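**Student:** Submitted below is the structure of interest, expressed as structure tokens.
The values are calculated or read from the model by the stated rules, or taken from the named source; none is laboratory data. Computed from a predicted model, the values in this text were never measured in an experiment. Neighbour counts are summed over all protein chains in view; Cβ atoms, including those assigned to glycine, are modelled from backbone coordinates with ideal geometry. Ligands, DNA and RNA are excluded from the accessible area calculation, which covers all protein heavy atoms including side chains. Shrake-Rupley method; radii C 1.70, N 1.55, O 1.52, S 1.80 Å.
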Number of protein chains: 2
Amino acid sequence: MKKIVVLLVLCLLPSLGVFAGDSLMKEARQYFKPIPFGPPEIKDNPLTVEKIELGKMLFFEPRLSSSQWISCNSCHNLAMGGADYQETAVGHGWQRGPRNSPTVLNAVYNVAQFWDGRAKDLKEQAKGPVQASVEMNNTPEKVIETLKSMPEYVEMFKKAFPMDKDPVTFDNMAKAIEAFEATLITPNCKLDKFLRGDETALNGDERKGLKLFISKGCADCHGGINIGGDDYYTFGVEKKPSDKVMAGDKGRAKVTHAKDDEFSFRSPSLRNVELTAPYFHSGAVWSLKEAVKIMGDAQLGETLTDEEAEYIVKFLKTLTGEQPKITLPVLPPSTDKTPKPVKR
Amino acid sequence: MKKIVVLLVLCLLPSLGVFAGDSLMKEARQYFKPIPFGPPEIKDNPLTVEKIELGKMLFFEPRLSSSQWISCNSCHNLAMGGADYQETAVGHGWQRGPRNSPTVLNAVYNVAQFWDGRAKDLKEQAKGPVQASVEMNNTPEKVIETLKSMPEYVEMFKKAFPMDKDPVTFDNMAKAIEAFEATLITPNCKLDKFLRGDETALNGDERKGLKLFISKGCADCHGGINIGGDDYYTFGVEKKPSDKVMAGDKGRAKVTHAKDDEFSFRSPSLRNVELTAPYFHSGAVWSLKEAVKIMGDAQLGETLTDEEAEYIVKFLKTLTGEQPKITLPVLPPSTDKTPKPVKR
């Protein structure tokens with residue numbers, strides 16, 4: 001009987017997090033935090049059910065683009081890790097944007113938005129692609145005219161912004177989209193479970209990858225809640241990557257005009273990274289293993305072996321979390337007052 | 001007391017369908033049938049949960065196109081009545097297709113698919129746009145290579161086609177898409193309720209519109225379960241519509257090469273017609289009222305008054321049914337073996 005009790009206790013220990021004393025877990029907790037199950041408080045934009053629902057409609061609304069064929073979801077596809085599997089984004093008239101579409105998943109936990117951080121938050125970000133001529137190619141005036149032409153939208157905006165006298169505005173469109181996007185969290189990946197004390201969450205190979213990820217220095221720029229996304233770093237600090245990878249892009253210097261910011265980018269979150277190929281601001285690299293090796297050369301001044309890169313990739317795949325469950329909205333019909341789509 | 005009982009009985013009668021003797025209801029039942037709540041049996045393609053789920057993934061899968069950016073849902077958007085609010089479809093490289101995208105909703109109840117009926121069923125239809133150079137611009141070989149590169153798809157095909165030795169085939173892709181599309185039914189519109197005996201389902205104006213729809217002759221080509229979609233008719237039998245509306249399209253004659261089929265088209269289903277502007281094979285007309293008047297001239301040889309057309313439009317809006325509730329699928333990640341997207 002005594003033996004059985006001892007065995008039972010031993011079996012239960014891991015699930016109780018008693019082995020949380022595990023030294024790798026201790027170390028990992030110094031670098032990473034599990035992502036919360038929900039969104040944080042958003043400055044100047046309290047989340048309500050009505051606002052989130054409206055934001056979801058707008059996120060899937062092709063009539064925000066002048067062609068009425070491109071929605072936020074066209075490039076931040078929620079069926080595909082919140083991105084598009086394109087090197088650089090496709091936009092109005094099949095133009096190509098200059099950079100790879102970053103995932104919208106967990107983006108609310110990034111320090112700022114876009115590769116160069118030029119939008120301080122998601123509501124500022126949301127206004128960009130709607131107006132960019134290579135993306136949705138629309139104007140705030142036309143967006144408002146479009147939304148006001150559909151009584152269902154006017155009603156939804158009233159409910160989402162009950163204190164506003166004229167609630168259908170470009171700013172409120174952006175706020176609603178921000179509210180919806182803030183809910184796009186992918187919690188409970190294997191690493192999250194590990195960080196919360198479940199030492200069985202990672203297998204042997206994944207632990208090896210995690211150890212390498214920390215010891216080689218990757219975690220220095222890819223840490224925190226989003227395993228990245230929290231600051232700007234010069235790409236190629238040790239060795240400039242190939243022209244193909246750099247794509248002649250000066251990064252954050254385009255925003256700050258500071259010499260020091262040349263080739264500097266916000267480090268991307270590595271959550272769900274296996275779903276968001278191709279990699280880098282240029283989208284020039286399709287293989288995650290290759291991307292890891294390039295980062296070793298460029299940022300750590302170290303040539304990672306194939307074996308090391310493979311372990312790190314195994315660890316990176318533990319960052320795939322539970323994808324948001326999205327019910328497709330039913331968008332209201334256009335009316336005689338709705339502007340017609342621009343053909344090209 | 002007697003009075004109260006009589007009153008109560010009178011109040012209850014409509015909901016019991018006792019007024020089903022209503023002469024308009026009787027007449028309507030000669031032309032229209034309520035749409036069933038689910039799909040019919042599909043020839044050579046028994047529906048299973050696994051097949052429908054796979055079909056949903058494929059319907060939302062941009063990697064079926066060579067650009068990996070266009071999915072079935074791009075032009076048959078389930079957030080927008082199963083169509084796209086475009087005059088004619090946008091396709092690969094922003095090319096324009098020759099015809100307006102028909103809605104996928106309730107399409108399983110059409111006699112055949114495409115405006116000219118050139119595909120006898122949904123599985124045959126599904127193979128068209130995937131290969132058309134102005135649409136998804138892909139090849140069956142590339143589609144199979146793509147699907148086989150992702151272990152999750154291979155597993156899903158095995159489950160959906162358990163008797164097949166090599167289940168990942170172009171035919172099975174089409175069968176799975178057909179299975180999903182067959183579930184895209186919009187039951188319970190006001191007319192369905194009316195046909196099932198609820199005489200309160202239509203208000204006075206809608207009844208007037210229904211009466212006109214029958215008496216003018218519209219119901220002769222737009223009847224049955226789908227309020228249309230059941231046969232081919234010459235467009236302009238009484239008076240040829242404008243060149244803009246006709247767009248030089250000889251319709252079914254392109255398929256049959258028969259002189260008699262010139263300018264003949266499958267009558268579109270009018271279910272959810274308020275969600276599927278613009279109208280006609282050319283998508284040349286945005287206003288439903290204008291479309292109704294054009295049909296009066298072209299098919300009935302009768303100039304409908306504005307008032308008549310407005311009543312008919314009110315009736316047509318009773319054909320908007322409950323839209324399918326779609327949870328967005330989570331698509332598997334591309335692998336190193338997945339073909340790369342074609343840029344243009």
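**Student:** Please work out which one of (1) open to solvent by 50 Å² or more (accessible area, probe 1.4 Å); (2) away from chain A (no Cβ under 14 Å); (3) over 22 Å from the mean Cα position of the chain (by Cα) is the condition B:GLU310 fails and give its number.
**Tutor:** If we test B:GLU310 against (1) open to solvent by 50 Å² or more (accessible area, probe 1.4 Å); (2) away from chain A (no Cβ under 14 Å); (3) over 22 Å from the mean Cα position of the chain (by Cα), just (2) comes out false.
**Student:** Separate question: Can you tell me which residue in the stretch B:93-108 is nearest to the chain's Cα centre (by Cα), limited to those that are within 12 Å of another protein chain (Cβ to nearest Cβ) and buried (at least 23 other Cβ atoms within 10 Å of the Cβ)? Give the steps one after another, and end with the answer.
**Tutor:** The first filter runs over the stretch B:93-108 and keeps only residues within 12 Å of another protein chain (Cβ to nearest Cβ), leaving B:93-96, B:101, B:105.
Subset that is buried (at least 23 other Cβ atoms within 10 Å of the Cβ): B:101, B:105.
Working: B:SER101: 9, B:LEU105: 4 Å.
Looking at the filtered set, the residue picked out is B:LEU105.
**Student:** How many of the residues making up the stretch B:19-53 are open to solvent by 80 Å² or more (accessible area, probe 1.4 Å) and either aliphatic (A, V, I, L, M) or at pLDDT below 60 (or both)?
**Tutor:** Result for the stretch B:19-53: 2.
**Student:** Would you mind finding the one in A:LYS340, A:LYS317, A:LYS293, A:LYS289 that is open to solvent by 20 Å² or more (accessible area, probe 1.4 Å), more than 13 Å from chain B (Cβ to nearest Cβ) and out of contact with any strand residue (DSSP E or B) (no Cβ under 8 Å at 6 or more places or on another chain)? Before you say what the answer is, go through the steps one by one.
**Tutor:** Numbers: A:LYS340 fails: more than 13 Å from chain B (Cβ to nearest Cβ); A:LYS317 fails: more than 13 Å from chain B (Cβ to nearest Cβ); A:LYS289 fails: more than 13 Å from chain B (Cβ to nearest Cβ).
When all the criteria are applied, what remains is A:LYS293.
**Student:** Determine whether the stretch B:47-64 contains at least one residue that is touching a helix residue (DSSP H, G or I) at 6+ places or on another chain (Cβ under 6 Å) and without any contact (Cβ under 8 Å) to a residue 12 or more places away in the chain.
**Tutor:** Taking the stretch B:47-64 first, the residues touching a helix residue (DSSP H, G or I) at 6+ places or on another chain (Cβ under 6 Å) are B:47, B:50-52, B:54-56, B:58-60, B:63-64.
Narrowing further to those that are without any contact (Cβ under 8 Å) to a residue 12 or more places away in the chain: none.
Within the stretch B:47-64, not a single residue is touching a helix residue (DSSP H, G or I) at 6+ places or on another chain (Cβ under 6 Å) and without any contact (Cβ under 8 Å) to a residue 12 or more places away in the chain.
**Student:** While we're looking at this one, here's another question. Might you check whether a residue that is closer than 18 Å to A:VAL292 by Cβ and surrounded by fewer than 20 Cβ atoms within 10 Å (Cβ to Cβ) occurs anywhere in the stretch A:244-257? Full working, then the answer.
**Tutor:** Within the stretch A:244-257, the first condition is being closer than 18 Å to A:VAL292 by Cβ, and the residues that meet it are A:244-246.
Applying the additional criterion that residues be surrounded by fewer than 20 Cβ atoms within 10 Å (Cβ to Cβ) yields A:244, A:246.
Looking through the stretch A:244-257, at least one residue is closer than 18 Å to A:VAL292 by Cβ and surrounded by fewer than 20 Cβ atoms within 10 Å (Cβ to Cβ).
**Student:** Hey, can you tell me all the residues within the stretch B:216-225 that are touching a Leu at 6+ places or on another chain (Cβ under 8 Å) and surrounded by 20 or more Cβ atoms within 10 Å (Cβ to Cβ)?
**Tutor:** So the first thing to find is which residues in the stretch B:216-225 are touching a Leu at 6+ places or on another chain (Cβ under 8 Å), and the list is B:216-218, B:222.
Matches in the stretch B:216-225: B:CYS218, B:HIS222.
**Student:** When you go through (1) more than 23 Å from B:ALA309 (Cα to Cα); (2) surrounded by 18 or more Cβ atoms within 10 Å (Cβ to Cβ); (3) within 18 Å of the chain's Cα centre (by Cα) one by one for B:CYS189, which number turns out not to apply?
**Tutor:** (1)
**Student:** Assuming B:VAL111 fulfils every condition listed in (1) modelled with pLDDT of 95 or more; (2) more than 11 Å from every other protein chain (Cβ to nearest Cβ) apart from one, which condition is it?
**Tutor:** Going through the list (1) modelled with pLDDT of 95 or more; (2) more than 11 Å from every other protein chain (Cβ to nearest Cβ), B:VAL111 breaks only (1).
**Student:** Shifting gears a bit: Wholly within the stretch A:110-182, which helices (runs of 4 or more DSSP H) include no fewer than the required count, namely at least 2 residues that are open to solvent by 20 Å² or more (accessible area, probe 1.4 Å) and without any contact (Cβ under 8 Å) to a residue 40 or more places away in the chain?
**Tutor:** Working: elements: A:122-131, A:140-148, A:151-160, A:170-182.
Those helices (runs of 4 or more DSSP H) span A:122-131, A:140-148, A:151-160.
Let's see how each residue does on (1) within 14 Å of another protein chain (Cβ to nearest Cβ); (2) more than 21 Å from the chain's Cα centre (by Cα):
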site: A:ILE227; (1), (2): no, no
site: A:SER242; (1), (2): no, yes
site: A:VAL245; (1), (2): no, no
site: A:ASP249; (1), (2): no, no
site: A:VAL255; (1), (2): no, no
site: A:ASN272; (1), (2): yes, no
site: A:THR276; (1), (2): yes, no
site: A:SER282; (1), (2): yes, no
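**Student:** Out of curiosity, is B:LEU78 more than 15 Å from A:LYS343 (Cα to Cα), at the interface with chain A (Cβ under 8 Å from one of its Cβ atoms) and aliphatic (A, V, I, L, M)? Show your work before the answer.
**Tutor:** Working: more than 15 Å from A:LYS343 (Cα to Cα): yes; at the interface with chain A (Cβ under 8 Å from one of its Cβ atoms): yes; aliphatic (A, V, I, L, M): yes.
So B:LEU78 passes the test.
**Student:** I need the full set of residues from the stretch B:76-92 which are open to solvent by 10 Å² or more (accessible area, probe 1.4 Å) and among the polar types (S, T, N, Q), in order please.
**Tutor:** Hits for the stretch B:76-92 are B:ASN77, B:THR88.
**Student:** So, in the stretch B:196-215, of the ones that are among the acidic types (Asp, Glu) and in a helix (DSSP H, G or I), which residue ends up surrounded by the most Cβ atoms within 10 Å (Cβ to Cβ)?
**Tutor:** Taking the stretch B:196-215 first, the residues among the acidic types (Asp, Glu) are B:198-199, B:205-206.
This time we only want the ones that are in a helix (DSSP H, G or I), so: B:205-206.
Numbers: B:ASP205: 14, B:GLU206: 19.
This residue is B:GLU206.
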